[in-house]
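Please treat every number below as a calculation from the coordinates, not as lab data. Computed from a predicted structure; not experimentally measured.
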């Protein structure tokens, strides 16, 4: 179980990590993203789908990027946009605001969502892992477009009733009218290592 003190340390690490991730995105690929103060929740995996559905209830349909990550810190990340964000995300990467409807544009939108998801998830998780002294590898991102908010979490993830730590932030891309949610779900397998890593992080400043 994660204590209140450990939750506070993790909150501070996320604040630092997300701030650095936003700075890196702005510096290296000229993408300016605003990340809200992160929220941490401990729950059972079986309760994850209703929790995420309650958070994104204003979205009737969503575009989702899912990516798994492995290290001592391991789990899954979900980047959730409103379903109609594709063209705005595409313009974020190529600078154009005019597109014609076609299968090609739809595929370009999907690839743009995949790329932005890969960049944002990698930046945020990578900075958390860096602060905790871990090295992370990632699965290729999976994209689901125009999906109902129900059923966006795969059955395999919630097959058991283990505990999970859910890290949630709301993000917004400056001047592009793009916003959404990032959920980072860590598995119970990471808890013992995470508790030690959090206290080691705190010890650096005492």
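Details
- Segment 4-203, relative contact order [Cα under 8 Å, separation at least 6], %: 35
- Distance between the C-alpha centres of segment 35-86 and segment 179-200: 14 Å, rounded to the whole angstrom.
- Sorted largest first, the principal axis extents computed over the alpha-carbon atoms of segment 4-203 equal 54, 38, 27 Å.
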